[in-house]
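The values are calculated or read from the model by the stated rules, or taken from the named source; none is laboratory data. No experiment lies behind these values; they were computed from the predicted model shown. Note that we place each Cβ from the backbone using ideal geometry, even for glycine, and neighbour counts take in every protein chain shown.
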C-alpha cells in the first residue's frame, strides 16, 4: 500500500470538512475505541468482553451484534484507497466511517442517503489477528440530492483539470470531488463570475504547497485563457482532512477556512 494513501485516509478520520460540519464536531476513531475480540461471536449480544457496543450513529443506544439498523445521513465520500474500503458519512455533528468493500456509484458529496448497517466482526486486511467490532454498511439508497449533484446535472460549462503533482488515480477522483463541491457551494464572487462565461472551459491546476510546516494541495482555478487563467481564484486543500478547504487571499498571503452554506 502506498504511503500517501495510508497517510490520507487515516489522517482524514481526525479532521473533517469545515464546509461539511462545524469545528466542534467529533469524528469516529475506531482504533481508539475498538472492542478487541478474543473469541468468535456466535449469537446476538449487547456486549463483547463485558464492554457495551456503541456507535456515533446511535450514541444513546447499546447496540447488538447481528442486529441491522437504519439511519439517514449525509454522504461524504467512499474511500477505496486502503486495502479495506470505507464510506464516510455525516450524522449530526459527527463523521462516521463504515466498512464497505463494494463499489459506490451515483452518489456525490452532500447527498442524503438512508443506510442499513450493523455492528460486525472486522478483520483488517493483512492483520487478521487485530479483530474487532465496528460499523459495517449493509446497503444504502439515495434519499435526496445535495448541491453538488444538482450542480453537476445542470452545469453546461466544461471543467478541466491539470495535476502538477504525482498522486494516485483514486485520490485524483476525491480531489476532483472536493473542488467541484467547492464550486457548487461557494459564495465567492470571483468564482461565480466564471460561470457567466459558459463557452469558456473552467480549468483548475493542482500542485503541492508547504505552509508553516504543513503540506497542502494548492488549487488555482479560473477561465482557461490562451496563455493564462482569468477570473482566477485560489483554494488550498488539506490532505490531513476530508475535504478540508481554505480560501486563499493572494494579496495578504492568508488562508481562511471555508464553510459551506
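See the values below:
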read-out: Residue list for the range 107-141, restricted to those being in contact with a helix residue (DSSP H, G or I) (Cβ under 9 Å, 6 or more places away or on another chain) and under 22 Å from residue 177 (Cα atoms); value: 107, 108, 109, 110, 111
read-out: Enumeration of residues in the range 244-260 that are part of a strand (DSSP E or B), out of contact with any helix residue (DSSP H, G or I) (no Cβ under 8 Å at 6 or more places or on another chain) and either buried (at least 17 other Cβ atoms within 10 Å of the Cβ) or on the phi > 0 side of the Ramachandran plot (or both); value: 244, 246, 247, 248, 255
read-out: Tally, over the range 86-106, of residues that are surrounded by 19 or more Cβ atoms within 10 Å (Cβ to Cβ) and in a loop (DSSP other than H, G, I, E, B); value: 1
read-out: Residues located in the range 214-243, provided they are touching a residue at least 60 places away in the same chain (Cβ under 8 Å), within 17 Å of residue 188 (Cβ to Cβ) and part of a strand (DSSP E or B); value: 237
read-out: Residue identified as touching a strand residue (DSSP E or B) at 6+ places or on another chain (Cβ under 9 Å), assigned by TED's automatic domain parsing to the domain that holds residue 160, modelled with pLDDT of 95 or more and farther than 18 Å from residue 148 by Cβ among 204, 216; value: 216
read-out: The range 106-146: number of residues that are modelled with pLDDT under 90 and more than 23 Å from residue 68 (Cβ to Cβ); value: 6
read-out: Options 241, 225: the member that is at pLDDT below 90 and surrounded by 15 or more Cβ atoms within 10 Å (Cβ to Cβ); value: 241
read-out: Residues being assigned to a strand (DSSP E or B), touching a helix residue (DSSP H, G or I) at 6+ places or on another chain (Cβ under 9 Å) and over 17 Å from residue 238 (Cβ atoms) - total across the range 176-208; value: 1
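Table: residues versus (1) touching a residue at least 40 places away in the same chain (Cβ under 8 Å); (2) in contact with a strand residue (DSSP E or B) (Cβ under 8 Å, 6 or more places away or on another chain); (3) over 26 Å from residue 175 (Cβ atoms).
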| site | (1), (2), (3) |
| --- | --- |
| 76 | yes, yes, no |
| 98 | no, yes, no |
| 109 | yes, yes, no |
| 138 | yes, yes, yes |
| 149 | yes, no, no |
